[in-house]
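Here is the structure we will look at, set down as structure tokens.
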Amino acid sequence: MDQPNYITPAGYAALKARYDNLLGAERPRIVEIVSWAAGNGDRSENGDYLYGRKRMREIDRDLNRLARKMKAARVIDPAAQQDKTRVWFGATVEIADDDDNRRTLTLVGDDEQDAGAGRIGWNAPFARALRGAAVGDVRNVQLPGGEKQWEVMAIRYPG
């Protein structure tokens, strides 16, 4: 990876909880089903066995993916941000366009983004345009419908 994989403490906890659930609960349950199904004879027509093996491969892929993400993660606590007058990782930013349409966005790690909830990934074009902005700054953002200007109205950090 050429860039650090920033993540909030809550985002890291969610990744770890998902990993722990897969490893400690879901995978052992599937292993038990596969073991039981394997003892039932012909495996080629045994739906429980075939589905269980397929599901186990999916879980193992997810576990590997989550382990790589957690290893590459660099946990940053937004409340500990030094310069709270500018938009940096973890900031909640209120922005307005030329028609005074306002949006509130929080810059989070790419693994915890959720556009519907107003959480955008640190490396998203919108977040890159807002990085380092102060209240009153106008930034151009390239959107699918063309370029649009947004003014930073407020910046908040947790804590």
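The values are calculated or read from the model by the stated rules, or taken from the named source; none is laboratory data. Small disclaimer: the values here were computed from a predicted structure and weren't measured. Glycine also receives a Cβ, built like all others from the backbone with ideal geometry; neighbour counts cover every protein chain displayed.
Numbers for the structure displayed
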{"quantity": "So Ala80, is it at negative phi, of a type in the set (Gly, Ala, Ser) and surrounded by fewer than 13 Cβ atoms within 10 Å (Cβ to Cβ)", "calculated": "yes"}
{"quantity": "Segment 73-126, residues that are over 17 Å from Asn140 (Cα atoms), at pLDDT below 90 and of a type in the set (A, V, I, L, M, F, W, C)", "calculated": "Ala115"}
{"quantity": "Subset of segment 90-127 [under 13 Å from the mean Cα position of the chain (by Cα) and part of a loop (DSSP other than H, G, I, E, B)]", "calculated": "Gly90, Gly109, Gln113, Gly118, Trp122, Asn123, Ala124"}
{"quantity": "Tally, over segment 24-78, of residues that are in a loop (DSSP other than H, G, I, E, B) and more than 26 Å from Pro9 (Cβ to Cβ)", "calculated": "8"}
{"quantity": "Of all residues in segment 115-159 being crowded, with 17+ Cβ neighbours inside 10 Å and among the basic types (Lys, Arg), the one that is farthest from Ile76 (Cα to Cα)", "calculated": "Arg139"}
{"quantity": "Residue in segment 34-55 that is modelled with pLDDT of 90 or more, more than 30 Å from Phe126 (Cα to Cα), among the aromatic types (Phe, Trp, Tyr) and more than 17 Å from the chain's Cα centre (by Cα) present", "calculated": "yes"}
